[in-house]
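Worksheet: the structure to be examined is printed underneath.
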Amino acid sequence: MSARNKVAPLVVVMGVSGSGKTTIGTLVAHELGVEFIDGDSLHPIENVQKMASGTPLNDDDRWPWLEIVGQRLHEHGQQQRGLVIACSALKRIYRERIRSQASGALFLHLDGSLEVLTGRLEGRSGHFMPPTLLKSQLDTLEPLKLEEGGYKLNIDQPVESMVNEAVTKLRTIAKAQA
C-alpha cells in the first residue's frame, strides 16, 4: 500500500439529514485526494419514493442499500484506493452491516443540535428528505462510539474548520490502523 493510501482511508460520513454529509464528505474527499459518493444516489427507487412521501424507511428497506454502500467501499479497498461515502448509518447495526463488507471503514459522525439541523433542513430545497422526518432520524440515531473506529465532529462551526479537523483526525486514525 502506498503512503497516500495510508492517509486516504475508506470513510463513511454519517449523521442525520441536514448534518452536512454531502458537503463535508465532498470536501474531505477532495482534501484526501479520493472519490466521493453520495450514498443517497445508491438508494433503490422505492426507498426514494417512500422518503419523498414522508414515510420513514424501515430496516427491510435499508438492508439492500447498506449492502451496496459496503460493497462500494470494499471495491475501492480491493483496488487500494480511498473512498469517502455519505451514508446516514444511524444505528450501530447499520454500521456493522457496512463493516461486514468493508472491515477497514472509518466513520465520521457529523453531530449537531436539533436547532442547527432544523435550520439547515429548512434552508435547503430540492431534496427528497423532508424536514418532518428529522425527528424520526434523531430518535433512531445511535451515536458513534469510540470503539467503532471513527470520529465524532461537531457541525456547529465553520465548514473550513470542520474539514480541517476531520481530515487531520481521519489521517491520524488511518495511520494508527496501518
**Study point:** Calculated FRET value between residue 91 and residue 165, using beta carbons and R₀ = 30 Å, to 0.05
**Key:** 0.75
Exercise for review: Grab the chain and count how many Lys pairs have their alpha-carbon atoms under 23 Å apart, sequence gap of 8 or more, or different chains.
Suggested key: 23
**Study point:** With every protein chain in place, the chain: carbon and sulfur % of accessible area (1.4 Å)
**Key:** 50 percent
Study note, to complete from the structure: Each label sits 7 Å from Cα toward the beta-carbon; between residue 61 and residue 79 the label points are separated, in nm, by 3.0 nm
Revision key, fill the gap. antiparallel share of DSSP beta bridges within the range 21-178, to nearest 5, in %, is 0 percent
Revision key, fill the gap. The answer for the range 8-122, accessible area per residue at 1.4 Å probe in Å², is 41 Å²
Exercise for review: Just round it to a whole percent: the fraction of Cα-Cα distances in the range 1-99 exceeding 25 Å.
Suggested key: 18 percent
Review point. Over the heavy atoms of residue 22, what accessible area does a 1.4 Å probe trace out, to the nearest 10 Å²?
Key: 60 Å²
Point to revise | Over 11 Å [Cα-Cα, the range 18-60], rounded percent | key: 70 percent
Check your understanding: the chain: percent of C-alpha pairs farther apart than 20 Å?
Key -> 49 percent
Check your understanding: At 222 nm, what helix-only mean residue ellipticity would the chain give, in deg cm²/dmol to the nearest 500, using -39500 (n - 2.57) for each DSSP H run of four or more?
Key -> -15000 deg cm²/dmol
**Study point:** Nearest-20 debye value, the chain charge dipole, Cβ charges on Lys, Arg, Asp, Glu
**Key:** 500 debye
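The values are calculated or read from the model by the stated rules, or taken from the named source; none is laboratory data. Being a predicted model, the structure only gives us computed values, none of them experimental. As a convention, Cβ positions derive from the backbone with ideal geometry for all residues, glycine included, and neighbour counts pool all protein chains shown. Heavy atoms of the whole protein, side chains included, go into the accessibility calculation; ligands, DNA and RNA do not. Shrake-Rupley method; radii C 1.70, N 1.55, O 1.52, S 1.80 Å.
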